[in-house]
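*Asks:* The structure follows.
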Amino acid sequence: MAFFGCPAATLFNELETEQNIVVLDVRNEKDFSRFHIESSKPFELCNISYYNFMEAEEESVAQVPQGKGLRIICAKEGSAKYVAEILDRHGFEQVAYLAGGIKSWGNMLVPKLVVAGEGYELYQFIRPGKASCSYGLLCGQEMMLFDPSRNVDFYLTFAQEKGAKIKKIFETHLQADYISGSAALLQQSDAVLYANAGDFGDSQLPFTPLTDGEVQSFVNNGPQVKVIFTPGHTLGSTSYLIDNKYMISGDTVFIASVGRPDLGGQAEAWAVQLYKTIGKILHELDRSIQILPGHYMNWQEANKQLVFTAPLADVIERNKEIYHIANEADFIRFIKDNIRQQPEEYIRIRLINAGKEQVPPEEAEILDLGKNECAASAYAQAKTSQDS
Ligand SMILES: [Fe+2]
């Protein structure tokens, strides 16, 4: 048996370095179209259901591109192994299945160093499966974590390998589009959770409420983390300004677009808040601050190191049709004109993230997969890229 298991992180690197591989997804067409793997570089992706391999082996094998390494994907792993065995038998070389199936891709976090500053390191953890980003700030033996996703083993291992412990966890808002890892991390570490009572006021999680303008710090000096309330996407949306240079902006400031204020069902009231927040961003923040968003719309927003970041000045210029809206009424109209439905599962995800509902891991897995719907502008453009 010459085929082998390929971990998600290895496949990610293979695609990023444009190795000579074809990705063969053997799930059914519906599951494939709902969610499949993506990379910042173009690659050959085909979808042939494993049922076809079972029912018409020769015909299906004939459709598989030859001369390249094969990475076979299914839901859990078993069907991909089944197809790998067939293709191996037919003489294909470098055949591998995605270890753990598509969910391992969906949960994968890719650490990218944003900066090694004076006495600290700031990491962006990209989650390609959700087009989302969480962050880790390391100083000495302490790590602060921002917006962790539910792959908590990754963060715990990452901290351990850095000789650090997760001491503080911060949420930028009550997430609706993915399940937060904060609750699980509180159980598996001695970290303290900090959040804005505007979102977490009635949460069942033990959290320390933040105040606007307060400064969080490490035991041994290190960078200061200034808490800036930026309501609009949610009433408790909060950004974190690190060392006066890097702003973890959650779903408030994106590189393309801003966070949509209609997810709470009060589009007009929250749009008013967002308009005020945009005024604060325009007039009170230094334009050289690097924005570190909670989501991205497409890979072109990343820099050469595949870090999703841009100076605030560039972000404003890029989204001037939003930032330059001259008055509140026009801004509300812009938001209302662009309202679209939110996925049904968002209501349950909010309850889970507030600690009000517990779901078994398999169900959490299903709820958690799929892309985000948090961005507000050029809704159509974002929607197109999300659907592609
Ligand atoms: Fe959000």
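Throughout, read-outs are computed from the coordinates displayed, never taken from laboratory work. Everything numeric in this text was worked out from a predicted model, so none of it was measured. Here the Cβ positions follow ideal geometry from the backbone for every residue, glycine too, while neighbour counts run over all protein chains shown.
*Asks:* Give, as ranges by residue number, the residues of segment 209-224 whose backbone N falls under 14 Å from the point 7 Å along Cα→Cβ of K245.
*Replies:* Of the residues in segment 209-224, 222-224 have backbone N under 14 Å from the label point off K245.
*Asks:* Let me check against my output: what whole-number percent is the relative contact order of the chain, with C-alpha pairs under 8 Å and at least 6 apart?
*Replies:* RCO, the chain: 13 percent.
*Asks:* Something else: Can you tell me which of 198-207, 157-166 comes out highest on packing, and rank the rest after it, using the mean Cβ neighbours within 10 Å?
*Replies:* 198-207, 157-166
*Asks:* On a full-extension model of 0.36 nm per residue, what is the gain between L205 and E59, subtracting their alpha-carbon distance, rounded to one decimal in nm?
*Replies:* Result: 47.1 nm gained on full extension.
*Asks:* How would you order 39-46, 26-33, 356-363 from highest to lowest mean count of nearby Cβ atoms within 10 Å?
*Replies:* In decreasing order of mean packing, 39-46, 26-33, 356-363 become 26-33, 39-46, 356-363.
*Asks:* Each residue of segment 51-66 in order: what ³J(HN,Hα) in whole Hz does its phi give by Karplus 6.51 cos²θ - 1.76 cosθ + 1.60, θ = phi - 60°, with x for Gly and Pro?
*Replies:* 4, 4, 5, 6, 8, 9, 4, 4, 4, 5, 4, 5, 7, 7, x, 9
*Asks:* Find the relative contact order for segment 109-337 and round it to a whole percent, using C-alpha pairs within less than 8 Å whose residues are 6+ positions apart.
*Replies:* With pairs under 8 Å counted, the relative contact order is 14 percent.
*Asks:* What's the extension gain from N303 to K41 if we count 0.36 nm per residue and subtract their Cα-Cα distance?
*Replies:* Value of the extension gain: 93.0 nm.
*Asks:* When only C-alpha pairs under 8 Å and at least 6 residues apart count, what is the relative contact order of segment 4-104, in percent?
*Replies:* 35 percent
*Asks:* Within 10 Å, Cβ to Cβ, of L138, how many net charges do the neighbouring residues add up to if Lys/Arg are +1 and Asp/Glu are -1?
*Replies:* Net of charged neighbours comes to -1.
*Asks:* What's the extension gain from K30 to H324 if we count 0.36 nm per residue and subtract their Cα-Cα distance?
*Replies:* 101.8 nm
*Asks:* A follow-up question, please. Please build a GNM for the chain, connecting alpha carbons under 10 Å apart, and tell me which residue among F146, F53, F254 fluctuates the most.
*Replies:* F53
*Asks:* Looking at the chain as a GNM with Cα springs under 10 Å, which of M54, M144, M108 has the largest mean-square fluctuation?
*Replies:* Evaluated over the chain, the most mobile residue of the options is M54.
*Asks:* I'd like the FRET efficiency for F334 and V192, computed as 1/(1 + (r/R0)^6) with the beta carbon distance as r and R0 of 51 Å, rounded to 0.05.
*Replies:* The calculated FRET efficiency here is 0.85.
*Asks:* Under 10 Å, Cα contacts only: if you run a Gaussian network model on the chain, which one of A197, A269, A326 comes out with the highest mean-square fluctuation?
*Replies:* A326
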